[in-house]
Amino acid sequence: MEFQYEYAGKSYPVKMKRDGDHFTATIGDKEYEVSSKEIKPGFFIINIDGKPVKVSIASEGSQRHIFHAGAVYRFTKLEGRKRGGDQDGEISPEITSPISGKLVKVDSTDGEEVEAGQSLMTIEAMKMEYQIKAPYGGKVEKVNFKEGDQVDIGVVLIIMEKKEEEEVKEE
Amino acid sequence: MIKKVLIANRGEIAVRVINACQEMGIQTVAIYSDVDEGALHVHNADEAYPLGDPTPSESYLNIPKILDIAAKSGADAIHPGYGFLSEREEFAEACVKAGFIFIGPSAEVIHGMGDKIEAKRTMANAGVPVIPGFTGGDEDGDDTLEQACQRIGFPVLIKATAGGGGKGMKVVETMEDLNSAVDSARREAMSSFGNDQLLLEKYLEKPRHIEFQILADNHGKILHLFERECSIQRRHQKVIEESPSVVIDDDLRSRMGDAAILAAKTIGYTNAGTVEFMVDKNKDFYFLEMNTRLQVEHAITEMTTGIDIVKWQLRIASDEPLTLEQDEIGQRGHSIECRIYAEDPEQGFMPSTGKLRTVDVPHGINIRHDTGVKEGVEITPYYDPMLAKLIVRGEKREDAINKMKWALSNYITLGVTTNVPFLRAIIAHEAFASGDIDTHFIDTYFKDWIQAAELPLEVLIAAALDDVKQSGLSKDDDQRDEAHDAHSPWKSAGPWRIDS
């Protein structure tokens, strides 16, 4: 059984094979003898080649939150079959709202050419302002909201086409 | 003595006040908006009443609704906590008019200190040192903001006259940036405080934010409970506080304490309050503002002085005299507080929302955890994203740092992104250890901080082991990935699973 995870733009494949009450995990060209024991719901002791490690796990759909050694790692489990070709390299044209709040300023218009890092709009949430900046240089196709609109987390604020001359990596 | 207190707040501070009341045999009344029905303060209070619509203006800022509940519940006093209505003079006034004791200073004092321009002017006249700046008042003549900037010299700090908590504050480095910063500050100020008046001041070099806790009774006695260093800030909001401050010696401590008491005396302050100062690299100190309420970080003062500030608020409001003496109050050991925020330090400290799935907090000697949330609650975008305060005390600063490092390393929250790993990185930083800190600390050392570029092997294996087990529960072979999302058995228990 093979799993693939994505963290900070990198993908991590792991091959798992059952071996009695243990598993053999293959990562790259290395093999590890691994097992896990649940202490209480969500809390585990993982054994890696005889070395015990404490972790806590919460998952939703493809999202994984794992606590280990004082840090929480948030990452994604990639589905076995990739949808619509290359997931790793493709850049979404949709700029979504990272927060729910009120749109207090719109700095971009349909058809406008923008530089990477340029402010596109400002959202106010919890009495603080958050700037939405262009993640890459390109052309604004459509601005979906106007000043004064209430926006929810995850809605598509702007559709933006990436400038062509920069090569998209891993394609 | 007060018999029944309505707590006009939510979160950890409502819980803190409820606990103090209950210890003193005072009845407690909680209020809650629709999204807070399952919150800890609702559960802990003796009675709780709904406010309905979670929008702040319809709930925790709705004065008529709150006073109505106070009357209905038979409360005789109202504690405003911090934030929300705590520094609104009209609320203090309305409470008194409706026949309730407002646990805090008078409406007049709140008014005097709420206007930052007036507050500075009052303090300068009383002989408390203030930062050079521009207020738009008579003493500035006909200067415009631009002319004032040229006179004071860049960088300058723009602040909302009615501000607080970093809202409406901007640093401006050059004349070109002035206009857009002013516009943005005015908008934030207007939406937060209903008043877009701004003030400018000189941005100090290596500035530290150091404040003094004050207690003043209704009989003219004023004490200070020493300093808190609150220089570690992001977006002009405090993140880590400690007491005592490494930069303050006995002489400076006594001069600043005197200045704080003078400030409180000048305005006829009563109840608990905080006089905030900036201390620059020459150890000159300047009055910044006065917070006419209980502060988030009051706990570190309680840890080092052993004095319960909230209980004294209740006694003072009941007209009891302060029985403490200044020369009997001392600082023992060193205390540090970390504010646990639901936010993502890797995304510009953007507040995060979601359901808290796992909360497992460290316990031990001299570890205090003040929180208003519990496992299973939904963190909504309606209110301030602070989830909890983790407070430790050690014999020496180094002990306190080591204890905080340990406590943060064992502080587990899953489901909602928090700043815990970021706090741990700060506490572990050598500049923090050496005490070389100022209000630019986070920008200086943690500008583009990320937790880790790589996924550790242990985490990767843990994920794979969990997924292997999950696959065994649903389908019988490797094909289960496809059906996983739609048919998973934990769907019925809510979107997240924490077991396997």
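Okay, here's what the table says:
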| item | result |
| --- | --- |
| Selection within the range A:1-48 - open to solvent by 60 Å² or more (accessible area, probe 1.4 Å), of a type in the set (Asp, Glu) and within 10 Å of another protein chain (Cβ to nearest Cβ) | A:GLU2, A:GLU38 |
| The range A:149-160 residues that are in contact (Cβ under 8 Å) with a residue 24 or more places away in the chain and open to solvent by less than 40 Å² (accessible area, probe 1.4 Å), paired with ones that are in a loop (DSSP other than H, G, I, E, B) and β-branched (Val, Ile, Thr) (beta carbon under 9 Å, 6 or more apart) | A:VAL151/A:ILE99 |
| Output for the range B:100-123, where each listed residue is in contact with a Lys or Arg (Cβ under 8 Å, 6 or more places away or on another chain) and within 27 Å of B:MET1 (Cα to Cα) | B:GLY104, B:ILE110 |
| Filter result for the condition that a residue is in the same structural domain as B:ALA8 (by TED's automatic domain parsing), farther than 12 Å from B:GLY104 by Cβ and open to solvent by 50 Å² or more (accessible area, probe 1.4 Å), over B:GLU89, B:GLU58 | B:GLU58 |
| Any hit, the range B:340-349, residues being of a type in the set (A, V, I, L, M), within 14 Å of chain A (Cβ to nearest Cβ) and buried (at least 16 other Cβ atoms within 10 Å of the Cβ) | yes |
| Lone qualifier among B:PRO385, B:PRO381, B:PRO421 - being over 18 Å from B:ILE240 (Cα atoms) and not basic (Lys, Arg) | B:PRO381 |
| Every residue from the range B:238-271 that is crowded, with 23+ Cβ neighbours inside 10 Å and small (Gly, Ala, Ser) | B:SER243, B:SER245, B:ALA260, B:ALA263, B:ALA264 |
| Filter result for B:ILE442 (more than 14 Å from chain A (Cβ to nearest Cβ) and either within 21 Å of A:LYS54 (Cα to Cα) or of a type in the set (Val, Ile, Thr) (or both)) | yes |
| Filtered residues of the range B:161-198 (kept if part of a strand (DSSP E or B) and modelled with pLDDT under 85) | B:GLY164, B:LYS167 |
| Number of the condition not met by B:ASP319 [criteria: (1) farther than 26 Å from B:ILE437 by Cβ; (2) of a type outside the set (Val, Ile, Thr); (3) in contact with a helix residue (DSSP H, G or I) (Cβ under 8 Å, 6 or more places away or on another chain)] | (3) |
| Meets criteria (within 26 Å of B:GLY354 (Cα to Cα) and modelled with pLDDT under 90) for A:GLY61 | yes |
| Search result, residues across the range B:341-367 that are in contact (Cβ under 8 Å) with a residue 60 or more places away in the chain, touching a Ser or Thr at 6+ places or on another chain (Cβ under 6 Å) and aliphatic (A, V, I, L, M) | B:ALA342 |
| Residues satisfying the stated conditions in the range B:316-339, i.e. on the phi < 0 side of the Ramachandran plot, open to solvent by less than 40 Å² (accessible area, probe 1.4 Å), in contact with a strand residue (DSSP E or B) (Cβ under 7 Å, 6 or more places away or on another chain) and not acidic (Asp, Glu) | B:ILE316, B:ALA317, B:LEU322, B:LEU324, B:ILE329, B:HIS334, B:SER335, B:ILE336, B:CYS338, B:ARG339 |
| Filtered residues of the range B:358-379 (kept if closer than 17 Å to B:SER33 by Cα and buried (at least 17 other Cβ atoms within 10 Å of the Cβ)) | B:GLY372, B:VAL373, B:VAL377, B:ILE379 |
| Flag if A:LYS77 is more than 7 Å from chain B (Cβ to nearest Cβ) and in a strand (DSSP E or B) | no |
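Residue-by-condition table, conditions (1) out of contact with any helix residue (DSSP H, G or I) (no Cβ under 9 Å at 6 or more places or on another chain); (2) open to solvent by 10 Å² or more (accessible area, probe 1.4 Å):
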position: B:GLY394; (1), (2): no, no
position: B:GLU398; (1), (2): no, yes
position: B:LYS405; (1), (2): no, yes
position: B:ASN410; (1), (2): yes, yes
position: B:LEU414; (1), (2): yes, no
position: B:ASN419; (1), (2): no, no
position: B:ALA425; (1), (2): no, yes
position: B:ALA433; (1), (2): no, yes
position: B:ASP436; (1), (2): no, yes
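The values are calculated or read from the model by the stated rules, or taken from the named source; none is laboratory data. Only a predicted model underlies this, so the values are computations on that prediction, with no experimental measurement involved. Glycine gets a Cβ as well: all are built from the backbone with ideal geometry, and neighbour counts include every protein chain shown. For accessibility, only protein heavy atoms count, side chains too; no ligands or nucleic acids. Shrake-Rupley method; radii C 1.70, N 1.55, O 1.52, S 1.80 Å.
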